[in-house]
Amino acid sequence: MPMYKRSMAVFLVLAILIIGGSLYGYYEKDKVITLDAVAKEDLPAAEITVYVSGAVNKPGVVTLPEKARVVDAVNLCGGVLASADAGKINMAQALKDGMQVVVPEKLAGNSSGNEGQSKAATPAGSSSNLININTADAKELDRLPGVGPAMAQRIIEYRITSGAFQAIEDLKKVHGMGATKFEKLKDKVSL
């Protein structure tokens with residue numbers, strides 16, 4: 001066989017191997033992507049743990065999927081009691097790990113002769129005219145000394161984004177709540 005024919009045969013064999021290898025690699029790459037997608041589905045879902053208390057059937061610590069809402073945690077605790085004021089809590093709020101969800105109780109009706117809040121909603125020894133910073137609406141918060149409509153809205157936004165206040169001193173974390181303003185209202189609020 002002449003030299004140029006032999007060179008041409010070697011060139012054709014190399015070209016076929018390169019093209020075949022490229023096609024093989026292209027199809028194998030697609031198979032790898034498919035296998036990775038299946039492996040991700042097998043990973044366990046992230047979970048969070050929250051504490052639910054207040055006017056629920058079975059208060060306690062519950063574990064939920066990472067993107068759960070307040071309503072999911074309340075339902076895991078058996079739902080709300082008949083005395084619960086579910087309208088004062090944002091059931092659609094996204095939960096964060098370690099968060100506490102407090103379901104408040106309704107105010108006792110004036111027609112029954114009871115004034116103020118029920119015993120479970122008001123801590124022992126406190127006055128019934130204290131404003132609960134975890135459940136009060138903007139109108140109630142506006143009655144506090146040094147709190148106007150803008151500050152009331154910031155307090156509510158803080159509750160929505162960070163969860164319920166764990167201590168009265170947490171009010172200082174609200175933007176614009178200085179030490180002087182806090183001192184004026186700390187004896188007029190409750191949790």
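Label point of S53 set 7 angstrom out along Cα-Cβ; within the range 83-102, amide nitrogens under 16 Å from it belong to 98-102. Accessible area per residue was computed with a 1.4 Å probe on protein heavy atoms; E157 scores about 90 Å².
Which far-off residues, 5 or more places away or on another chain, put their amide H under 5 Å from the one on V56, with H placed in the peptide plane? Under 5 Å from the amide H of V56 lie the amide H atoms of L81, each far enough along the sequence or on another chain.
Using a simple spin-label model with pseudo-atoms 7 Å out from Cα toward Cβ, K184 and E169 lie 2.3 nm apart. For I131, the residues whose amide H sits under 5 Å from its own are V189, S190, ignoring neighbours fewer than 5 places away on the same chain, with H placed 1.01 Å from N.
The values are calculated or read from the model by the stated rules, or taken from the named source; none is laboratory data. From a predicted model like this one, the values you see are computed outputs, not experimental measurements. For neighbour counting, all protein chains shown are included, and Cβ atoms are generated from backbone atoms with ideal geometry for every residue, glycine included. When the accessible area is computed, the model is the full protein with side chains, heavy atoms only, and any ligands, DNA or RNA have been set aside. Shrake-Rupley method; radii C 1.70, N 1.55, O 1.52, S 1.80 Å.
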